[in-house]
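Here's the structure we're looking at; comments come further down.
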Ligand code: ATP
């Protein structure tokens, strides 16, 4: 393979730049030319394409977001949009395409390979950690660390006022950000879409902790389960303590990537291009038990995400 393309699609995630750098540098190692496609599939349809050399990815690893920018693009769902996208690929002689994004982006990649014979490889880039086939997606670790920092600051002020802090975090339909951030900040409870919550049990736990001398409580609510304000209003009817709800919001998407996301981005980006070099197509790369592996795109996106019940039970057992 002589020329490959690279795009980031869907929501941005810290660590995407580390993956971009690894893709470009690995491709150059194999003597391939690399084209960066800006704004995901929208840029592919609109011919927003730039050649990428070794220097074009210098110094990008510490930066959050994606230097290629990203977009959601409904046009790719239609045959006409797909044909325009493929016309751009043919114009530049791009034979293989690396797509960094979530399951939607992977479905787009599959369409391009199945209908038009483009070799595609997917790299999981989303803060939500909502893909079952891989233990971690790029950006998840950084997003959770951002939540940990924000919740820690909230706990400082909430403790001074003896308040309950209800913190809403992202994750779409997946409770992983709430679960990991909750465990890591010693939250009293988490509310996630995967497990029905028991309001009176949470209130009772808060009461018990106060009777044991605690002055602050933290409940982490995943956006896919409920709005933080709504949960705070419900809890208010059962406890006498002052409650403040905070939505961490888009801060979770930004910031310099953690070591875990930088290294994961490098490993996934490297493997993606190694696969293209070996003639593979329709694959996604992922990490399982700290090993990088690859599997069929469609098989990967059809796996239903399983919630980590063991970690959830641990949180239940070790909070007061
Ligand atoms: P995130 O998890 O961050 O939301 P994602 O990749 O799942 O990332 P989506 O918005 O679902 O985000 O998909 C990104 C883009 O992929 C869409 O805007 C569209 O261009 C393309 N896409 C999604 N689903 C399909 C599909 N079934 N067929 C063709 N293209 C698709």
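Structure notes:
- Here the residues 215, 250, ranked from fewest to most Cβ neighbours within 10 Å of their Cβ, fall in the order 250, 215.
- Per-residue extension of 0.36 nm, minus the Cα-Cα distance of residue 90 and residue 250, leaves a gain of 53.9 nm for this segment.
- Helix 16-29 and the longest principal axis of the Cα set of the chain meet at an angle near 30°.
- Using alpha-carbon coordinates, inclination of helix 309-318 to the longest axis of the chain, degrees: 30 degrees
- Mean residue ellipticity, 222 nm, helices only, the chain: the sum of -39500 (n - 2.57) across DSSP H runs of n ≥ 4, divided by residue count and rounded to 500, is -13000 deg cm²/dmol.
- Distance from the C-alpha centroid of region 226-264 to that of region 21-71: 33 Å, rounded to the whole angstrom.
- Within the chain, antiparallel bridges make up roughly 25 percent of the DSSP beta bridges whose residues both belong there.
- Overall form of region 261-320 per C-alpha gyration tensor (a/c, 1.5; a/b vs b/c): oblate
- Considering region 124-174, its Cα convex hull presents a mean projected area of 3.8 nm².
- Of all DSSP beta bridges in region 186-309, antiparallel share, percent nearest 5: 65 percent
- Histogrammed with a bin width of 10 Å, the alpha carbon distances of the chain distribute as 6, 27, 29, 18, 12, 6, 1, 0 percent, first bin at zero.
- Cα-based Rg of region 142-254 normalised by 2.2 N^0.38 Å, two decimals: 0.96
- Between helix 199-211 and the chain: long-axis angle, C-alpha atoms, 0 to 90°, nearest 10: 60 degrees
- Over the chain, relative contact order from alpha-carbon pairs under 8 Å, at least 6 apart, %: 24 percent
- Descending by average beta-carbon neighbour count within 10 Å, the peptides 204-212, 133-141 line up as 133-141, 204-212, the highest first.
- Inter-part distance, region 96-139 to region 304-320, computed on C-alpha centroids, equals 28 Å.
The numbers here are math on the coordinates, done by the rules we state, and not lab data. Given the structure is predicted, the values throughout are model-derived calculations rather than measurements. So basically every Cβ, Gly included, is an ideal-geometry build from the backbone, and we count neighbours across all protein chains shown.
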